[in-house]
1. Take every Cα pair under 8 Å in segment 43-282 that's 6+ residues apart, average their separations, divide by the length, and report that relative contact order as a whole percent.
2. No solvent, one uniform scatterer per C-alpha: report log10 I(q)/I(0) for segment 43-282 via the Debye equation at q = 0.12, 0.14, 0.15, 0.17 1/Å, two decimals.
3. Quick one: order Leu344, Leu263, Leu164 by neighbouring beta-carbon count within 10 Å, fewest to most.
4. Which residues' amide hydrogens lie under 5 Å from the amide hydrogen of Leu168, considering only partners 5 or more residues apart or on another chain, with H built in the peptide plane?
5. How would you classify segment 237-366 from its alpha-carbon gyration tensor, with a ≥ b ≥ c the square roots of the eigenvalues: rounded for a/c under 1.5, else prolate if a/b is greater than b/c, otherwise oblate?
6. Arrange Trp210, Trp123 by Cβ neighbour counts within 10 Å, fewest through most, would you?
7. Of Lys140/Lys261; Lys47/Lys355; Lys140/Lys236; Lys236/Lys343, which ones are farther than 30 Å apart at the Cα?
8. Please report Rg over Rh for segment 23-87, where both radii come from the alpha carbon positions and Rh follows the Kirkwood definition.
Amino acid sequence: MDDTEGVRPSPRSRRAPRNPLRAAVPDDEPIDLRSDTVTAPSAAMRKAMADAEVADDVLDRDPTMRELEERVAGLLGAADALWTPTGSMANLIALMSRLGRGESFLAPQGAHVLDFELGTAAWLAGGMPRPLPHDGGPGKVTPHAVRRAAGLDPDQGYGSYTALHCALLCLENTHNAAGGTVTAPEEHAAVAAAARAARLAVHLDGARLWNAAVALGVPPGALTVGADTVSVCLSKGLGAPVGSVVAGSSEFVEHARRLRKMLGGGVRQGGIMAAAGLVALENTERLAEDHALATRLAAGLRERGWRVREPQTNIVLVDVADLRGTIAAFGEAGVMAGAIGGKLRLMTHRDVTEKHLTAALDRIGEVGPASTGSPGGPPAQFSRPDEPERPARTALG
């Protein structure tokens, strides 16, 4: 789930040619690091889409779509699942199923459901968003924060009939705006347990849950314990052209099908798209390559004087003084970058190889932090748990 914007590179005819030994990428080929959503479907996906068995999924259930939904439900430890065209729709369906008009929901500050889904949680689901500080580390909240926000902290005062009723906790793993940070199984389970003790439902936005599972070396289902609903994306690092899946109980999915239809998300011969998702699920372990390239990218930027946050997955955040100016300078050099939380964001993905990374660092080296007024020196570190980081809204998009 991603809503950042990059700047396309302009012609670079004035630049001197680079050493061909350093980068085997043509000078006129832009390197797109804006997001992992830019991945193109593989040849295997295209063939599977062409060969897919299909039926009307709204009337009779498409067999290939059903295979995908059952596969994802099994991976997440859920009873059932439902394909949706987008991750935003998957999240919205989960919120609509749990929130009543005038109820509130909690989410870590900078969460996608708070800042990057056009306010649909309030506009369409009727819920008032309440952001929580990252008191457990970047992108993370603690059980104490949940209990306090839910009104179970005696120091807060509790029981007033004027108090807004809190019904839901939304978590995000990995946390995009915090830099692709991961939440470990025991951390997630503790927070989910605190929410359930406070009589809150729990939704997990797992758009990049596959990245978290690979980074931690655990199955995806280990990261969903205590969640009532989970959404995952197939079109980011996994490379499918479209689609997300929302999972939960059989009763939830039955209701979710009606909500999907209401929101215009019902599709007919959806097996064509589901087939690509099935191929995508065969390659989740490949995400480790993206993580390794992100680590190398961060190290290379640091060597060139940029202040970089150490990545945990495939997202590299860079502290810059002039965000738009730096993105434009990168674009002029042939590297397409994005932004989130007031930081420059670079993302590795399946279509970025070692040679692309070498070329990108070579091109970025010609820009330099000084030319954009950006701070140099040692890399910025995430704040300590007792000094929670509060990602700002993105400056672009």
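Each value in this text was obtained by applying a stated rule to the coordinates, not by laboratory testing. What you see is a predicted model, and the numbers here were worked out from it, not measured in a lab. Note: ideal-geometry Cβ built from the backbone for every residue, glycine included; neighbour counts use all protein chains shown.
1. 31
2. -0.63, -0.85, -0.97, -1.21
3. Leu164, Leu263, Leu344
4. Here Leu106, Ala201 satisfy the definition.
5. In terms of gyration-tensor shape, prolate.
6. Trp123, Trp210
7. The pairs that break the limit, which is 30 Å between Cα atoms, are Lys140/Lys261.
8. Result for segment 23-87 is an Rg/Rh of 1.14.
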